[in-house]
Structure formats: structure tokens, C-alpha cells
1. How far, in degrees from 0 to 90, does helix 274-283 lean away from the longest principal axis of the Cα atoms of the chain, to the nearest 10?
2. Across all directions of projection, what mean area in square nanometres is found for the Cα convex hull of region 87-170?
3. On a 0 to 90 degree scale, rounded to 10, what angle separates helix 22-36 from the longest Cα axis of the chain?
4. Counting other Cβ atoms within 10 Å of each Cβ, which GluC sites (Glu not before Pro) in region 130-222 have at most 15 and sit in a DSSP loop?
5. Run through every distinct alpha carbon pair of region 263-377 and return the Kirkwood hydrodynamic radius in angstroms, one decimal place.
6. Placing +1 on the Cβ of each Lys and Arg and -1 on the Cβ of each Asp and Glu in region 39-153, which of G51, C81, V111 has its Cα farthest towards the positive end of the resulting dipole?
7. Students often get this wrong, so check it: of K130/K193; K120/K193; K130/K374; K186/K374; K120/K337, which have C-alpha atoms separated by over 29 Å?
8. When only Cα pairs under 8 Å and 6 or more residues apart are kept, what is the percent relative contact order across the chain?
Amino acid sequence: MKNASDTEKGSLTSLEERLQDPDLCRRLLDRLEAALEHLPGKSMRFMEVCGTHTVSLFQSGLRSLLPEGVVHLSGPGCPVCVTHDSEVAAFLEMAGRDNVCIATFGDLIRVPGPGGKSLKHAMADGALVKIVYSPLDALKIAAEHPEWTVVFIGIGFETTAPTVAGTLQAARMQGIRNFCVLPLHKLVPPALKALLSEGDSYIDAFLLPGHVCMVTGLEPFSFLAEQWHVPSCVGGFTPADLALALCLLAEDLASGRASVSNAYPRAVPAHGNPRAMELMQTYFEPCDALWRGLGRIPMSGLRIRDEYAEMNAMARLGIELHETPPIRGCRCGDVLKGRIQPNACPLFGKACTPMDPVGPCMVSTEGSCAAYYKYAL
């Protein structure tokens with residue numbers, strides 16, 4: 001006899017299978033094509049701002065099946081990719097300190113900084129660098145090595161910030177004083193506002209990140225419709241999820257209206273996750289932040305609140321962000337802004353490959369250059 005959890009698991013599995021159904025996807029693509037008939041030029045340029053969407057669109061084959069008039073732009077939705085050169089320089093400086101251990105997710109160790117150096121090179125030179133799968137792993141390292149100052153590099157968007165805040169809370173509760181965080185988290189809504197503020201209208205609609213909206217809900221993105229009259233839709237990650245979201249965007253454009261819609265309601269409640277937001281706001285507050293390709297965007301990052309300054313690696317180790325020259329020839333910034341497709345970069349597939357990356361968009365498994373190289377060539 002099945003218990004409740006078995007029944008629920010079976011139900012979810014059945015749903016996922018239905019969302020992979022080729023006939024359903026074909027019907028949705030036909031619906032999308034019908035909506036395009038009512039658009040100027042029968043075209044729609046949509047931007048996604050989620051690394052998982054980038055990969056899902058390529059990996060599922062959906063990107064190659066989209067109607068000719070649908071143009072996919074990858075935006076600044078990969079946490080590793082948007083990490084600024086000066087931020088890379090900062091954690092490389094920390095890695096050079098005695099008895100400082102850098103704990104980070106795997107992709108970040110290969111991101112090049114000034115002079116092409118990365119944390120991988122720092123490891124080869126003897127730096128204490130540990131790859132972890134969650135900030136709690138970094139906290140465990142700190143507990144086991146009280147002689148080290150353990151710095152967890154906090155990158156990511158609203159999706160990961162609550163887990164880092166929870167780890168800061170756990171460190172305080174457990175009295176682990178040699179743990180701190182380098183706060184490099186970014187907030188998605190200000191980045192979209194910055195893209196739209198550049199002065200031209202090359203983005204017709206936004207495919208909003210499902211993981212982020214699980215935390216934030218829909219309200220932080222309402223300005224897209226209210227101020228800019230740009231439709232946006234939260235999408236899931238199966239082919240049918242994505243196709244449905246694109247249908248809703250095209251139908252909004254065809255009707256002349258703009259709304260913030262939700263094609264992923266089974267995972268994204270309208271008001272997000274209030275408990276996660278409360279935890280994030282307890283330990284972090286908005287601040288100006290640097291984005292690769294976009295520069296400094298007001299109130300687009302998160303800093304650790306002053307009352308927890310001893311857990312802020314910048315303050316604790318006296319680190320400041322300095323101007324650093326961009327990587328010569330790398331056009332990751334233009335890719336992240338949707339200005340060019342990855343293969344328009346002169347380094348793509350030549351000097352820059354996943355095995356020997358020059359820029360972060362080729363480093364990260366969620367980077368648009370890496371996805372394009374793996375699935376579109």
C-alpha cells in the first residue's frame with residue numbers, strides 16, 4: 001500500500017512526464033506561432049535571466065524548435081558569470097592571506113581574474129581553497145579548523161541568499177567565530193531595470209527566473225509592466241513549461257497589454273516565500289553592486305548588516321574592491337546584456353573553450369557561452 005509521500009511522488013513524476021510530452025509541446029508551439037501572426041514583423045525578442053533556463057532551452061532542443069520569429073537572448077542570470085572582475089580580484093587577494101581558507105562552489109574556482117589568474121591557480125600555489133556544495137559545508141570546515149579564518153564566497157541571487165543568511169544564523173548559534181562570508185549576492189529586478197534603462201528597445205519580453213520567484217514572488221517584478229510596459233512571465237524548466245511561458249508573453253504582446261504572469265504556479269506562489277525573505281532581510285540589506293557587463297547598479301546587491309560586521313569578510317580582512325582591467329578580447333559583458341550571441345565573440349570556440357575558458361560565460365555550466373558551445377555547435 002502506498003503512503004502519502006509515495007502517492008505525492010508518483011503524482012509529481014506523472015506531471016513531469018506530461019510536461020515532457022512532445023505532442024503537448026507541439027500544440028504549445030503552434031499556439032505560439034499563432035500569436036506571432038499578430039505581432040509586428042511576426043517576431044518576439046525575449047530575454048531569460050536564469051542559468052537553468054539557458055541550459056534547459058538548449059538541452060531540451062526547444063530552442064531549435066522555436067518559430068523563426070522568436071529570438072532568444074540570454075541575460076545576466078548566471079551568478080558566476082555576473083561576478084565582476086574586481087570581485088574576483090578581491091577573493092584572490094583573500095586566498096593569498098596566511099591561514100585564510102576560501103570555501104566556494106566549484107565553478108567559481110576557474111573564473112579568471114587579473115592577469116588570467118584564478119582560484120585554481122591559487123590552489124596550485126598552495127592557497128587554502130575548498131570546494132563545497134553548500135554554505136553549511138563551509139561552516140563545518142570552520143568548526144573543524146579553528147586555526148583558520150574560513151571565508152565562504154556568497155554569490156548568487158535571491159535564490160541562494162536565504163541559505164547563506166541561515167548559515168550566518170547557525171554560526172552565531174553554534175558560537176563559530178572563525179566563519180565569515182564575502183557578500184557578493186545580486187538582486188535580479190534592479191538588473192532588469194538597468195537593461196531597460198539603456199535607451200533602446202531590443203528586449204520585447206522577459207522570461208522570469210522560476211528559482212528566484214519561488215523566494216521573492218511576483219511583486220518585485222511588477223515595475224516591468226507598470227513602468228516599462230514590458231510583459232514578463234515566470235517559467236518552469238521542462239519544455240512545456242518554457243513553451244507555455246513564451247505563449248503567454250507573445251499573447252500579451254499581441255493584445256497590446258503588459259502583465260506579470262505565472263506559468264509555474266505549482267512551484268511559485270504569488271507572494272513567494274515570506275520566511276526565506278525575512279531571514280535574508282535579517283542579515284542582509286540592499287547596497288550598490290558591480291555586475292560584469294552592466295557596471296555599478298544602485299541597490300542591486302546585498303551587504304551584511306552592520307550589527308553582524310564581524311561575519312563580513314570584507315570588513316574582517318580589510319579588503320576593498322579596486323578598479324581592474326577587463327579581460328582582453330572577452331565579450332562576456334555583451335553576451336550577458338543580450339547584445340550579441342556567444343559565437344559573435346572573436347574568442348568563442350578558439351581561444352575560449354570550456355576546457356580552457358577565457359571568460360566566465362564559458363566557465364560556468366550555466367553560462368550562455370558554455371551552453372551554446374555544447375549544444376548549438
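1. That works out to roughly 30 degrees.
2. Numbers: hull surface 21.5 nm².
Mean orientational projected area (region 87-170, Cα hull): 5.4 nm².
3. 80 degrees
4. Sites meeting the loop and neighbour criteria: E147, E198.
5. 17.2 Å is the Kirkwood radius here.
6. Of the candidates, G51 comes out farthest on the positive side.
7. Numbers: K130/K193 36 Å; K120/K193 34 Å; K130/K374 27 Å; K186/K374 27 Å; K120/K337 27 Å.
As for pairs spanning more than 29 Å Cα to Cα, those are K130/K193; K120/K193.
8. Working: 693 pairs, mean separation 82.4, N = 377.
Across the chain, relative contact order equals 22 percent.
The values are calculated or read from the model by the stated rules, or taken from the named source; none is laboratory data. Treat the numbers as computed from the prediction; the structure is a model and nothing was measured. Cβ sites come from the backbone with ideal geometry, for glycine too, and all protein chains shown count toward neighbours. Ligands, DNA and RNA are stripped out before the accessible areas are found, and what is left, the full protein with its side chains, is counted by its heavy atoms. Shrake-Rupley method; radii C 1.70, N 1.55, O 1.52, S 1.80 Å.
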